[in-house]
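Working notes, beginning with the structure itself.
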Amino acid sequence: MFVVVGSGPAGVACAHALLQGGATVTMLDAGIELDPDRRNRVMHLRAKSASQWKPDELAFLRKGVEVSGAGIPLKLAYGSSFPYGDPGWPPIAQDGVDGKPSFARGGLSNVWGASVLPFRAEEMEGWPIGREDLAPHYRAVLGFMPFAARSDGLAGSFPLFHDHPGRLENSRQGTALLADLERSRSTLRSHGVEFGASRLAVRAASKGGPGCVYCGLCMYGCPYDYIYNSARTLDALRENPRFTYRSGVLVESLEEGDHGVQLVARELSGAPAGVRADRVFIACGVFSTARIVLSSLDAYEQTVKATDNCYFLLPLLRYRKQRHVAREPLHTLAQVFLEVNDPAVGPHVAHLQVYSFNELYRRQFQNMFGPLGGVADRLLTGRTLIVQGYLHSELSPGIELTLHREGRLELAVSPNDRTRHALTALKRRLWLERSSLRAWPLSQALRVGRPGRGFHTGGTFPMRAQPRRLESDALGTPHGFTRVHVVDSSVLPTLPATTITLSVMANAHRIGAAVVE
């Protein structure tokens, strides 16, 4: 029997490959879920057409979502913080770090932004694998994940790996921005800027089948569950007779022997829950995975460094206003992707996701301008776009992790002197491209998240061709193990700035498929 630990995107992708290869799989998971009251309210909405929803029926979705001068807050799911729910143990101490583990069924896919891109081949140089190794597994993952995309200017560097993706309609602002960028395509390309419509793990309506209804509630949780959540793949896996899902379990450490692996685990109630397996695949997310691996290797009081993508928000003010954006049907996920390859920024591409209007903008205008919030709303709504951006991990601060023997996992910032320069150069590049963007970047309003805030973290046990202690081989096996595989972002040698979930899933699928070949 093979055991997969964790039900997030990496866990279900690995389990999918193992089952396809004929293995028998048990998934262990803390499995915290949305509370019954909210779940019933969501199901009530799901049973109706969006046109039938009443304002009081939607109020619970927005509850607890506040905006401040620091930017958009931690994303909740249907008004609940259950994706970040704390089972009471083990403790984490954070110093200047905003990263959070997830013990939820489906992990952080309950609250992600659904943006998906493969890694550029050039960004994997120096890895023990290349993009050609991931290519069939990108296709495999996109075979069970909903996918909306277009074949456009991004396709050269970022193949679709899908023959018939769905298509989501852009908002008026998104459509106008893409049209302006298209008119300046040759100029932008000569300046190292590629662009295209966003690619999203969202079900789009097609051939009479159900899909996105453009209700504008994406930031709170899709009432129809059209944004991909790995819990849906888990539901499909549970229909396989060779698959068992066991929730309410926390794995603490592993003991490997000649004939298998003993998992030291406990129920959330505190009762012991030991399990024996032929092989174990760890997919708990970088913080929980680090705890398991460090404990299993008796590597207490030893600091390992996690890589991270510097996360930031930057407003753009468009030259022209789009009318009636607050009343149009739209999705509020990313509308446009921009990839900026500027040597002044650094040797790696910066990834920018452009968001058009959502109702949180109006609340922010009110916070910023007080009594003049209404005036600001009239002037700025329809002109404001928000860039959510990421830098490559080599240009970003990292996170130092230390597991203490009493069980406390300590997280601290690992500074990077290159970050400020990269952000300054990127702001300059966007200012120079203002004519192509038909927008001014409001550089003074840049907000930079603390390490971990963007949930693009990994690299604690990086894959190497010849791994040393606290490194892994190309199958995610940490040095010192033979039957244990880490399959989440913890084994990525670096983190390209582009979205990581699709590549993490493809790599997890690759490892699972290779083990059962």
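Let me know the Kirkwood hydrodynamic radius for the chain, please, with Cα pairs as the basis and the value in Å to one decimal.
That comes to 23.4 Å for the chain.
For the chain, give the magnitude of the charge dipole about the Cα centre (Cβ charges: +1 Lys/Arg, -1 Asp/Glu; no others), in debye to the nearest 20.
Dipole of the chain, to the nearest 20 debye: 2140 debye.
State the percentage of accessible surface on the chain attributable to carbon and sulfur atoms; use a 1.4 Å probe and exclude ligands, DNA and RNA.
On the chain, the fraction of accessible area on carbon and sulfur atoms equals 50 percent.
With θ set to phi - 60°, apply the Karplus curve 6.51 cos²θ - 1.76 cosθ + 1.60 along region 322-328 and write out the HN-Hα couplings as whole Hz, x wherever there is a Gly or Pro.
8, 7, 6, 5, 6, 10, 7
Nearest 20 debye, what's the magnitude of the dipole of region 382-425 about its Cα centre given +1 on Lys and Arg Cβ and -1 on Asp and Glu Cβ?
With Lys and Arg at +1 and Asp and Glu at -1, about 220 debye.
Of Glu33, Glu400, which has the most accessible area and how do the rest follow, probe 1.4 Å?
The ranking, largest first, comes out as Glu33, Glu400.
Assigning unit charges at the beta carbon (Lys, Arg +1; Asp, Glu -1) and nothing else, what dipole magnitude in debye, to the nearest 20, does region 28-152 show about its Cα centre?
That gives region 28-152 a dipole magnitude of about 720 debye.
Using only DSSP helix segments of four residues or longer, with each worth -39500 (n - 2.57), what per-residue ellipticity at 222 nm results for the chain after dividing by its residue count and rounding to 500?
Rounded to the nearest 500, it is -8000 deg cm²/dmol.
What are the ³J(HN,Hα) couplings of region 505-514, residue after residue, when phi is run through the Karplus curve with 6.51, -1.76, 1.60 and θ = phi - 60°? Round to Hz, x for glycine and proline.
3J(HN,Hα) across region 505-514, in whole Hz: 5, 5, 5, 5, 5, 4, 5, x, 5, 5.
5 Å is the cut-off here: which amide hydrogens, built 1.01 Å from N in the peptide plane, fall below it relative to Val486, excluding neighbours closer than 5 in sequence?
Correct list: Ile282, Thr477.
Students often get this wrong, so check it: of Lys63/Lys207; Lys321/Lys427; Lys48/Lys75; Lys207/Lys321, which have C-alpha atoms separated by over 30 Å?
Violating the 30 Å Cα-Cα cut-off are Lys63/Lys207; Lys207/Lys321.
Looking at the chain, what % of its DSSP beta bridges pair antiparallel, to the nearest 5?
About 70 percent, rounded to the nearest 5.
So what does Arg434 come to for accessible area, using a 1.4 Å probe and Å² rounded to 10?
That residue has around 70 Å² of solvent-accessible surface.
Which log10 I(q)/I(0) values does region 1-95 give at q = 0.15, 0.17, 0.19, 0.20 Å⁻¹ under the Debye formula, counting every alpha carbon as one identical point scatterer?
So the normalised log intensities work out to -0.88, -0.98, -1.03, -1.06.
Which sequence of His259, His351, His162 reflects their accessible areas, 1.4 Å probe, from the largest down?
The ranking, largest first, comes out as His259, His162, His351.
By a straight-distance test (C-alpha under 12 Å), which aspartates and glutamates pair with Lys305 as possible cross-link partners, with residues fewer than eight away in the same chain excluded?
Here the aspartates and glutamates satisfying the reach criterion relative to Lys305 are Glu400, Glu410, Glu471.
Within 9 Å, Cβ to Cβ, of Asp29, how many net charges do the neighbouring residues add up to if Lys/Arg are +1 and Asp/Glu are -1?
Surrounding charge for Asp29 is +2.
Between Asp235 and Ser206, what is the label-point separation in nm under the 7 Å Cα-to-beta-carbon projection?
2.0
For Trp89, Trp53, what's the largest-to-smallest order of accessible area, 1.4 Å probe?
The ordering from most to least exposed comes out as Trp89, Trp53.
The values are calculated or read from the model by the stated rules, or taken from the named source; none is laboratory data. What you are looking at is a predicted structure, and each value in this text was computed from that prediction instead of being measured. Every residue, glycine as well, gets a Cβ built from its backbone with ideal geometry; the counts of neighbours run over all protein chains shown. Please note that ligands, DNA and RNA were not included when accessible areas were found on the heavy atoms of the full protein model with its side chains. Shrake-Rupley method; radii C 1.70, N 1.55, O 1.52, S 1.80 Å.
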